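Step one of this worksheet: look at the structure below.
The values are calculated or read from the model by the stated rules, or taken from the named source; none is laboratory data. No experiment lies behind these values; they were computed from the predicted model shown. Neighbour counts run over all protein chains shown; Cβ positions are idealised from the backbone, glycine included. Heads up: the accessible areas ignore ligands, DNA and RNA and are worked out on the full protein's heavy atoms, side chains in. Shrake-Rupley method; radii C 1.70, N 1.55, O 1.52, S 1.80 Å.
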Amino acid sequence: MADPSTYRPAPGAIPLSPGVYRFRDAHGRVIYVGKAKSLRPRLSSYFQDIAGLHPRTATMVTTAASVEWTVVGTEVEALQLEYSWIKEYDPRFNVKYRDDKSYPELAVTLNEEYPRVQVMRGAHKKGVRYFGPYGHAWAIRETVDLLLRVFPVRTCSNGVFKRAAQVGRPCLLGYIGKCAAPCVGKISAEEHRELAEEFCDFMAGRTGGRLRRLEQEMQQAAAAMEYEKAARLRDDLGALKRAMEKNAVVLADGTDADLLALAEDELEAAVQIFHVRGGRVRGQRGWVTDRVEDVDTPGLVEHALQQLYGSGSESVPREVLVPELPDPVGPVREWLTGLRGAQVDLRVPQRGDKKDLMATVQRNAQQALALHKTKRAADLTTRSRALQELADALGLDSVPLRIECFDISHLQGEDVVASMVVFEDGLARKSEYRRFAIKGFAGQDDVRSMHEVVGRRFRRYLQEREQTGEWAVPEDGAAPDGSAAPADGDLRDTAGPIDPDTGRPRRFAYPPQLLVVDGGQPQVAAARRALDELGIDDVALCGLAKRLEEVWLPGEDDPVVLPRSSEGLYLLQRVRDEAHRFAITYQRAKRSKRLTTGELDSVPGLGETRRQALLKHFGSLKRLRAATVDELCEVPGIGRRTAETVAEALASRTPAAPAVNTATGEIIDDGAGPAGPGAPQETP
């Protein structure tokens, strides 16, 4: 635990300008990002007596080891930079809204010659008209299915569209009247675009004219005794009304607005957002956050607005209604106006329909928080208990917040690979996963492979420490692995495990508190030997053997046996199984690439298309090797010169030894298809 006075900036060194500041821990990781209208008073508030700070703020300043700041011109620029840094560094003490998934929207690609109606997620694209977001993709598809009776706009992919145009035959939707079939010329591009624009008008809420026109046409058809046409128009009218019923009018003035409400307690806060377009609720979304920083309701509202609109994937409506205004509100309103390109009304509703709808959003937020607590409480408690059980069973000084696990995978000694998976706070951190191809030797030796991969991982860790100046230099001036420590001049202007050029974490910069290997005593001993060779003695190590799920510690003759009901054992099994999955995935991909490309890869003048054509024509490499030049020339795209080159290249290579089914002794032909039950299996 650091003393904030050790890194407190000199009072006169902090500017009075607006800016954004970052607190870093001893490893250089950004743990908190904040903005200030005036940096000096804001930063000075963190360095008062710790007893006077909020407990969360006190924890943050005692975890930090340094603070830095960037001066900007205006508060709006500070707001934008703060959001960018929070997204980039993911600081542990900042409010982060979980479940920030990409919500589906109904999109009409008006930027194409033949506009397409489809479900889209992610950032908005220029020239595409969006409606939503919706809570579920099926809600969009139900609405579209109803509207296609009246607006038969294209919904197929570009590949299906081009294929239909080539064969001159539309897809099934074209035959049943739910697509106007522009692919085969049933309507022109201009007529199809008019259909798409009418579809957009209806989705935007301009429904009255279309309904009246359909009703008039239905009555005229009935008067003219065209009863089939009248019945079809009647069904179209019913479909439109059912689609409208799915989004009841909540604001009679046809308002475009987003309503945001909060439900909070001392530890967590839930955010609910209703998207109202054309007076109708078009979508709903929600987030939950841990209150890891001392922030009030206006601050939570500001963070939610940053999360909602900062990425650019969500359009800003004319009105944004919130329970309390951010403080100060001016920069936030100016920022939203800049994003929209027109004035945005950010306010608290005081009366009427909007206030009533805000109460509904508030009730949804309260229910979401209650439901989250019901689901989350057991999860938090279980993970904390699992980490504590591991610490107690393995004799660790503290709970292992970062766990790394290594596994080896191969197929009878071929394509030997290793995986490294990372769990932080009991949860998988997939961005930190790494995979290795074993390079030090050939053949099957899990112990040597484990020694190599652990050594490579921690050698990279020491190299990162050397580059960043994080050497624990002893009195003799030697580095932990016995090499010379860098001179004092090499320690200048470092940023810990964060790359100063990119601002991103270095790949192997953080050591784990617990290293787990998949295996028993031999694998644990190999990993321990690799750590000892590098002089690393502050990383706990254990192995999990599959047969009896025993936990092996280095230098111990007897394993640690955790109870079957132990949450600690369950966590170790999850970590081990994830490492096994990741290793086998890599091994299969590597083997597949070798088997499918192999001998034809190095044939000069033979590209991917003609390689695939050859394999498809002959079915296997064995039959391809036996083919004559004339037979090779029969393959489309293969000329005589290329055929001669292929035949010469294959003839110069010795075919691989045939695979043998170890259960039956049967020789498995390489063109016979998949191996049977006794064929060799991947070995993790």
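I need the calculated FRET efficiency for the pair PHE47 and SER384, taking r as the beta carbon distance and R₀ as 35 Å, to the nearest 0.05.
Working: r = 31 Å, r/R0 = 0.89.
Once the sixth-power term is evaluated, E becomes 0.65.
Taking one equal scatterer on every alpha-carbon of segment 338-422, how large is log10 of I(q)/I(0) by Debye at q = 0.12, 0.23 1/Å?
-0.75, -1.10
Would you mind computing, in nm to one decimal, how far apart the modelled labels at LYS162 and ARG529 are, each placed 7 Å from Cα along Cα→Cβ?
5.6 nm
Can you give the FRET efficiency to the nearest 0.05 for VAL71 and GLN343, using r as the Cβ-Cβ distance and R₀ = 35 Å?
On the way: r = 29 Å, r/R0 = 0.83.
For VAL71 and GLN343, the calculated efficiency is 0.75.
Please give the peptides 579-586, 298-305 ranked by average Cβ packing (other Cβ atoms within 10 Å per residue), highest first, as a rough proxy for protection.
On the way: 579-586: 20.5, 298-305: 22.5.
Packing proxy ranking, top to bottom: 298-305, 579-586.
Quick one: if the Förster radius is 25 Å, what FRET efficiency do ASP601 and GLN444 give, using the C-beta to C-beta distance and rounding to 0.05?
Numbers: r = 25 Å, r/R0 = 1.00.
With R0 = 25 Å, the Cβ-Cβ based efficiency is 0.50.
Determine the sum of side-chain charges near ALA269: Lys and Arg each +1, Asp and Glu each -1, restricted to other residues whose C-beta is under 9 angstrom from that of ALA269.
Working: positive: ARG291; negative: GLU264, ASP265, GLU268, ASP290.
That sum, taken over residues with Cβ under 9 Å, equals -3.
Say each of GLU414 and ARG460 gets a label point 7 Å from the Cα, pointing the same way as Cα to Cβ; how far apart are those two points in nm?
Here the answer is 2.7 nm between the modelled labels.
Considering the convex hull of the alpha carbon atoms of segment 10-53, report its projected area averaged over all viewing directions, in nm², one decimal.
Details: hull surface 14.5 nm².
Seen from a random direction, the Cα hull of segment 10-53 projects 3.6 nm² on average.
Sorted by accessible area (1.4 Å probe), largest first, how do GLU648, GLU464 line up?
Working: GLU648 130, GLU464 25 Å².
Per-residue accessible area, sorted high to low, gives GLU648, GLU464.
Testing the spin-label approximation: label points 7 Å from Cα along Cα→Cβ at LYS622 and GLU112. State their distance in nm.
Result: 4.5 nm between the two label points.
Using a 1.4 angstrom probe on the protein heavy atoms only, could you order TRP69, TRP335 from most to least accessible area? Working shown, then result.
Numbers: TRP69 75, TRP335 15 Å².
Accessible-area ranking of TRP69, TRP335, largest first: TRP69, TRP335.
Between CYS633 and ALA649, what length in nm is gained on full extension when 0.36 nm per residue of separation is reduced by their alpha carbon distance?
Values: separation 16, 0.36 × 16 = 5.76 nm, distance 1.54 nm.
Answer, rounded to one decimal: 4.2 nm.
What share of Cα pairs, in percent, lie more than 20 angstrom apart in segment 1-130?
Details: 4767 of 8385 pairs.
Here the tail beyond 20 Å accounts for 57 percent of pairs.
Under the 0.36 nm per residue contour assumption, what length would be gained going from the current alpha-carbon distance of LEU172 and SER38 to full extension?
Numbers: separation 134, 0.36 × 134 = 48.24 nm, distance 6.40 nm.
Length gained, LEU172 through SER38: 41.8 nm.
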